[in-house]
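Report on one structure; see the data block that follows.
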Amino acid sequence: MYAINNTESNVKRTLERIRSMFRLNRRLGSYLTSLEISFENRSVVLRGELPSDELRGELVPTIRQAGILCQVCNEVQVS
């Protein structure tokens, strides 16, 4: 599992690991362009829109599959 240091290179690698997991997820991969993934105050922050609560609910478990253990703020809206 990965703890996140706040160095720029570690943040970039962490965000890319998350994006990779989303791309591998058949349901979430097609919505990757609708999501903004950032790192703020030691937390991963998700913003954007998805068409269902079910997809929104898959975001954090998918991030955990990438080995990310820090706090995740899921601010994604359902449209």
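Listing for the model above:
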{"item": "Ordering of 31-43, 62-74 by burial proxy (mean other Cβ atoms within 10 Å per residue, highest first)", "result": "62-74, 31-43"}
{"item": "³J(HN,Hα) computed for each position of the stretch 14-19 - Karplus, 6.51 cos²θ - 1.76 cosθ + 1.60, integer Hz, glycine/proline x", "result": "5, 5, 5, 4, 5, 4"}
{"item": "Spread of Cα-to-Cα distances over 5 Å intervals beginning at zero, given as percent, for the chain", "result": "3, 16, 31, 27, 15, 6, 2"}
{"item": "Amide proton proximity set for PHE39, modelled H, under 5 Å, gap of 5+", "result": "VAL45"}
{"item": "Backbone HN-Hα couplings from phi across the stretch 60-72 [Karplus 6.51/-1.76/1.60, Hz, Gly and Pro as x]", "result": "5, x, 5, 5, 5, 5, 7, x, 8, 9, 5, 5, 10"}
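Only the coordinates and a few stated rules stand behind these numbers; no lab work does. Just so you know, these numbers come straight off a predicted model, no measurement behind them. Glycine gets a Cβ as well: all are built from the backbone with ideal geometry, and neighbour counts include every protein chain shown.
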